[in-house]
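As structure tokens, the structure follows; a few thoughts come after it.
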Amino acid sequence: ATGGGGTATIAFTGTTDQNITGTLSVNESSLPGIAINKASGTLRFPALITVCGNWTYTAATMDLSTSNSTIVFAKTLTISGSSHALNNVVFEGNNNWTFTVGTGTILTVSGTLTTTGASGILINAPVAGATVIQAQGDILINNTSAGGGGNGLILINASGAQAITSTAAAGQGLLPYIRIQKAAGTLTLNGVISESRDWVWASGAVAPTSSTIVFGGNDLSVTSMGMSFYNVAVSGNTVTLANSLTVNNDLDISGAAVLDPGANTIHLGGNWTD
């Protein structure tokens, strides 16, 4: 059945191997809070599980290499404890949920990081702009809400190929802070990607394909000298350039939005629409 969960916590503390298995869909047989603190043995979850309570990781060996696990976080909850890695992670947005990653915790997503649903998803940090997620695989934006975003930072830093792919329309599926810092491999941008906080490029190859990056939702800054965008749209608030901006195709400024370049140069390959 869909739903479930509860207010209790299931603590995985056994000293032998343990497994969470099932053949479920998103939001079916949802679990309550999960606490993981194993002194020995391996915790495996070779399935899709939905968690509706706080997720706390203290210590454990977790099998991510042979288990194609997917953890779906649903409902407002906190991810805390020691920094750790999971395989595929889904932030579900069938209602307006806030996901807060605790102080000192970084969640590494080694598989695909996905957002879903038609309601707002906020990915928050206790301190705005703090890194809360390291994306080591692709980012898939399937959320269609015009709200959301959050004040946490997603660090894109794997050494292999990665992609941000959006199936949403402009202004939907808002992302929080983004920092691109790749030592190797190419980040490919696909679809219409809406950004509500600062966008920082630090290193790595970026292939913009025919994508559109939409900036708006909050006052924000763009640090992108060293990469190119294909289309850029400024849809609201004030977008400030921290250095030069390269747009291979079109630049669009709409409504009451303000693009503030300061003394920086905009290199434009297509049309400017204001």
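The values are calculated or read from the model by the stated rules, or taken from the named source; none is laboratory data. None of the values given here were measured: they were computed from a predicted structure. Glycine also receives a Cβ, built like all others from the backbone with ideal geometry; neighbour counts cover every protein chain displayed. Ligands, DNA and RNA are stripped out before the accessible areas are found, and what is left, the full protein with its side chains, is counted by its heavy atoms. Shrake-Rupley method; radii C 1.70, N 1.55, O 1.52, S 1.80 Å.
A few comments on the model shown:
- Meets criteria (without any contact (Cβ under 8 Å) to a residue 40 or more places away in the chain, of a type in the set (Gly, Ala, Ser) and either out of contact with any Asp or Glu (no Cβ under 7 Å at 6 or more places or on another chain) or not in a strand (DSSP E or B) (or both)) for ALA202: yes
- Selection status of ASN68, out of contact with any Phe, Trp or Tyr (no Cβ under 9 Å at 6 or more places or on another chain), at pLDDT 95 or above and open to solvent by 40 Å² or more (accessible area, probe 1.4 Å): no
Residues are listed down the side, and each one gets a yes or a no for (1) touching an Asp or Glu at 6+ places or on another chain (Cβ under 7 Å); (2) open to solvent by less than 50 Å² (accessible area, probe 1.4 Å); (3) assigned to a loop (DSSP other than H, G, I, E, B); (4) closer than 27 Å to THR42 by Cα:
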site	(1), (2), (3), (4)
ILE123	no, yes, no, no
VAL132	no, yes, no, yes
GLY137	no, yes, yes, yes
ASN143	no, yes, yes, no
ASN151	no, yes, yes, no
ALA158	no, yes, yes, yes
ALA168	no, yes, yes, no
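- Filter pass, ALA39 being of a type in the set (Gly, Ala, Ser), outside any loop (DSSP other than H, G, I, E, B), out of contact with any helix residue (DSSP H, G or I) (no Cβ under 6 Å at 6 or more places or on another chain) and surrounded by 18 or more Cβ atoms within 10 Å (Cβ to Cβ): no
- Only a single criterion out of (1) closer than 26 Å to ALA161 by Cβ; (2) open to solvent by less than 30 Å² (accessible area, probe 1.4 Å); (3) without any contact (Cβ under 8 Å) to a residue 60 or more places away in the chain is not satisfied by SER110, namely (2).
- Matching entry among ASN88, ASN68 (being over 20 Å from PRO176 (Cα atoms) and among the polar types (S, T, N, Q)): ASN68
- Selection from region 172-184 of residues that are without any contact (Cβ under 8 Å) to a residue 40 or more places away in the chain and either closer than 18 Å to THR240 by Cα or open to solvent by 30 Å² or more (accessible area, probe 1.4 Å) (or both): GLN172, LEU175, ILE178, GLN181, ALA183, ALA184
- Taken as a whole, the structure leaves GLY173 outside the set of residues that are in a loop (DSSP other than H, G, I, E, B) and under 21 Å from TRP55 (Cβ atoms).
- Just one of the numbered conditions (1) surrounded by 20 or more Cβ atoms within 10 Å (Cβ to Cβ); (2) farther than 27 Å from THR144 by Cα; (3) of a type in the set (D, E, K, R) is not true of ARG197: (2).
- Subset of region 9-21 [free of Cβ contacts under 8 Å to residues at least 40 places away in the same chain and farther than 17 Å from VAL89 by Cβ]: ILE10, ALA11, THR13, GLY14, THR15, THR16, ASP17, GLN18, ASN19, THR21
- Across region 18-36, the number of residues qualifying as in a loop (DSSP other than H, G, I, E, B) and under 28 Å from GLY104 (Cβ atoms) comes to 2.
- Of the residues PHE45, PHE99, PHE91, the single one that is modelled with pLDDT under 95, buried (at least 17 other Cβ atoms within 10 Å of the Cβ) and in contact with a strand residue (DSSP E or B) (Cβ under 8 Å, 6 or more places away or on another chain) is PHE45.
- Among the candidates ALA59, ALA128, ALA85, residue that is outside any strand (DSSP E or B) and either modelled with pLDDT under 95 or of a type in the set (Gly, Ala, Ser) (or both): ALA128
- Those strands (runs of 3 or more DSSP E) of region 210-274 in which 1 or more residues are touching a strand residue (DSSP E or B) at 6+ places or on another chain (Cβ under 9 Å) and either open to solvent by less than 40 Å² (accessible area, probe 1.4 Å) or within 24 Å of GLY149 (Cβ to Cβ) (or both) occupy 212-215, 220-223, 231-234, 238-241, 245-247, 251-253, 258-260.
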